[in-house]
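Report on one structure; see the data block that follows.
The values are calculated or read from the model by the stated rules, or taken from the named source; none is laboratory data. Model, not experiment: these values are computed from the prediction. Positions of Cβ are generated from backbone atoms using ideal geometry, with glycine treated the same way; all protein chains shown enter the neighbour counts. Areas reflect the complete protein model, heavy atoms only, side chains present, ligands, DNA and RNA absent. Shrake-Rupley method; radii C 1.70, N 1.55, O 1.52, S 1.80 Å.
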Amino acid sequence: MSVGPEHDAPRPRTGEGFSDAATLSFADARAEVFGIARLGLTAEGASGVTILFERGEPLAVRAEGGVDAGPVAAWDDVAAGGLRTETIEPLRAWRVRYAGDDATFQLDVRAVGAIAVLEPHHPVAHAGGMAGFDQVVHVTGTATIGGRRVAIDGLGQRGRSWGTPDWSRIALARTVAAWLGEDLAVSLSAIRPAGARHHEDERVAATILDRDPESGAPRASAVADPRLSTTYDAEGHQRAAGLELFVGEEGFPRRAAGEVLCGTTLDLGRLRLQCAFFRWRMEGRTGVGRYDVLARANGS
């Protein structure tokens, strides 16, 4: 799939169970502010999910669905749960605003580097029913938290995803990202089929976003054999993780290791989101990223 500006716009809402989403996740390690802002569309309407952490604590956690969206030509037309977005330039620049009782933020989002694509025919897309793409972004702006104004300057990821997931066939879905700089990042998605119980049973897709060492041009390198290991606490929350990323068929893997900085659990009805931000280390660099697990509530 060659990604063009048309892929940045909402997809036609066709068929029962179809969903479409634009998701921003961001981290400013200096300010200790981390957040996720997701706008979604289904046949039932629009939804908005916002999670904001400061200094390890979830200060704003809000989810709203079933909002009447009407005709939608662009994500600028969608608002839910206090969340809105404005497209400045498709695939390049956006503004994201959130207004809630506990916090607000206004962010300028600029894409950097290449695009990580999950093709519709990939085993992960087939297992999860969703295709899409991700871009590393530079995020600047301000947040108001408890009456205090906090400057935001960090990295993150903007993702687009669409399709018809069948949760009767899915046990859980993982989203993992590590942002080590504007010239080094990892994006990983994994789907565990219903009935499976272990990491090795999952379908995994991963992309390394960096620069060609000779030309310096941004590149997206699909990982031929991505391996993810996870350590959990007694309550089943992800606490640490390791990545082994074999890009080619020969040679040593590129490795990354992460540990949790903050996290929370959000009840989404029949689904449960375990959202966490991690500190990542890779190839002598330290960065931040996310590790989310979306699963059927109570294993149902």
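General observations
- Semi-axes of the equivalent ellipsoid of the stretch 84-161 are 29, 15, 10 Å, computed as sqrt(5λ) over the eigenvalues of the C-alpha gyration tensor in descending order.
- Computed log10 I(q)/I(0) for the stretch 14-151 at 0.10, 0.14 Å⁻¹: -0.36, -0.70, from the Debye equation with unit scatterers placed on every C-alpha and solvent omitted.
- Cβ-Cβ FRET estimate between ARG255 and ASP108, R0 fixed at 35 Å, reported to 0.05: 0.60
- FRET E, pair ALA43, THR231, Förster distance 30 Å, beta-carbon r, rounded to 0.05: 0.15
- Looking at the chain, the accessible area is 46 square angstrom per residue; that uses a 1.4 Å probe and ignores ligands, DNA and RNA.
- Its DSSP H runs of at least 4 residues, each contributing -39,500 (n - 2.57), put the calculated 222 nm mean residue ellipticity of the chain at -500 deg cm²/dmol, to the nearest 500.
- Computed across the stretch 218-266, the Kirkwood hydrodynamic radius from all distinct Cα-Cα pairs reaches 12.6 Å.
- Overall Cα dimensions of the stretch 129-239 - principal axes, largest extent first, Å: 47, 45, 30
- 4 °C / 1.567 mPa s Stokes-Einstein diffusion coefficient of the stretch 230-291, Kirkwood radius on C-alpha pairs, µm²/s: 99 µm²/s
- Between ASP212 and GLU64, the modelled label-to-label distance comes to 4.7 nm, taking each label 7 Å out from Cα in the direction of the beta carbon.
- Note on the chain: semi-axes of the ellipsoid equivalent to its C-alpha gyration tensor, largest first and rounded to whole Å, are 26, 23, 21.
- Here the accessible area is traced with a 1.4 Å probe on the protein chains. For the stretch 149-300, carbon and sulfur cover 46 percent of it.
- Cβ crowding within 10 Å averaged over residues, with 234-242, 259-267 ranked highest first: 259-267, 234-242
- Surface composition of the stretch 61-104: carbon plus sulfur atoms hold 44% of the accessible area, using a 1.4 angstrom probe and ignoring ligands, DNA and RNA.
- Of ARG160, ARG290, the residue with the largest accessible area leads and the full order is ARG290, ARG160 (1.4 Å probe).
- In a simple Cβ point-charge model (Lys, Arg +1; Asp, Glu -1; nothing else charged), the chain has a dipole of about 400 debye relative to its Cα centre.
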